Amino acid sequence: MNPLLELAEVSVGQHYYWELGGYEVHGQVLITSWVVLAIIATLSFLGNRDLKSTPDGFQNFTELVTEFIRDLAKTQIGEEEYLKWVPFLGTIFLFIFVSNWSGALLPYRLIEIPNGELAAPTNDINTTVALALLTSISYFYAGISKKGLGYFNRYVEPAVFLLPINVLEDFSKPLSLSFRLFGNILADELVVAVLVGLVPLIVPIPVMLLGVFTSAIQALVFATLAGAYIGEAVAEHH
């Protein structure tokens, strides 16, 4: 069997499958991803439908989020290049943040579907791998668009014999990004599920609250590392 297909089956709980073009896709991931995107779009609309020079109400919240992402991008990428990457990092951060929180706060499992169960999109390794690959494509694009083919000189710096290690480092980044996010969401959901099964009342609540906190941290870690990789790609090496 194709090892990539085996990797794609790493999951928590049962999946709801759709047949598309002869392939089985995880339908519950698409459904919950649409829910997450709808939440983000709704919040964005509410915060930006009536912009004022002196923000108030929900505009304060959206401007706070925007400033936070701008500061993160500036810190990781640098003042010269950061602005063009704010939309990408903002999208990555918000999607992961809302996905993680939706899994912790929304009672997806109470919604009945023909087969399987609904869960946060980041509960599925296919989602986290896709996000990591987007990040990899982005930092390759950032480096090549700024330095041209000279970007690949970094693989033989500071010495040619480091070429295999530098190549391996670049291709291990998406693996570490995807498995870190998936592993933390997996561990949190398994711990909560076990505690709910053993002690249904009170005891699981602190663990669930901790899961809400760690979910936010995981979104921040992913976006920060994505920014750091892009910053590394565009940095001038002397």
Worksheet entry | Å² of accessible area per residue within the chain, as computed with a 1.4 Å probe and no ligands counted | 58 Å²
Practice prompt. At 1.4 Å probe size, with no ligands or nucleic acids counted, give the accessible surface of Lys74 in Å², nearest ten.
Written response: 80 Å²
Response to the item:
So, relative contact order of the chain in percent, Cα under 8 Å, 6 or more apart, is 27 percent
Practice prompt. Leaving ligands, DNA and RNA out of it, report the carbon-plus-sulfur percent of the accessible area of the chain at a 1.4 Å probe.
Written response: 69 percent
Worksheet item: Taking only Cα atoms, what is the 0 to 90° angle, nearest 10, from helix 204-234's long axis to the longest principal axis of the chain?
Response: 20 degrees
Worksheet item: Hey, any idea what Rg/Rh is for the chain, computing Rh the Kirkwood way over Cα pairs?
Response: 1.01
Item to complete: With springs only between Cα atoms under 10 Å apart, run a GNM on the chain and tell me which of Asn166, Asn184, Asn126 wobbles the most.
Response: Asn166
Worksheet item: Over the alpha carbons of the range 49-186, what is the largest minus smallest coordinate on each principal axis, giving the biggest first in Å?
Response: 56, 49, 20
Practice prompt. Could I have the simple spin-label model distance between Tyr141 and Thr66, label points 7 Å from Cα toward Cβ, reported in nm to one decimal?
Written response: 2.2 nm
Worksheet item: Which of Ser53, Ser178, Ser145 moves the most in a Gaussian network model of the chain with Cα springs under 10 Å?
Response: Ser53
Response to the item:
The helix 58-77 Cα axis meets the longest alpha-carbon principal axis of the chain at an angle in degrees, between 0 and 90 and rounded to 10, of 40 degrees
Discussion item. Can you give me the angle between helix 163-198 and the longest principal axis of the chain, using Cα atoms only, in degrees from 0 to 90, rounded to the nearest 10?
Written reply: 20 degrees
Worksheet entry | Built amide H within the under 5 Å cut-off of Tyr17, gap 5+ | Gly27
Practice prompt. For the chain, with a Gaussian network of springs between Cα atoms less than 10 Å apart, report the residue from Val129, Val36, Val191 with the top mean-square fluctuation.
Written response: Val191
Discussion item. Rounded to whole Å, give me the distance from the Cα center of the range 116-132 to that of the range 31-100.
Written reply: 21 Å
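The values are calculated or read from the model by the stated rules, or taken from the named source; none is laboratory data. On a predicted model such as this, the values are computed, not experimentally measured, just so you know. For neighbour counting, all protein chains shown are included, and Cβ atoms are generated from backbone atoms with ideal geometry for every residue, glycine included. Heads up: the accessible areas ignore ligands, DNA and RNA and are worked out on the full protein's heavy atoms, side chains in. Shrake-Rupley method; radii C 1.70, N 1.55, O 1.52, S 1.80 Å.
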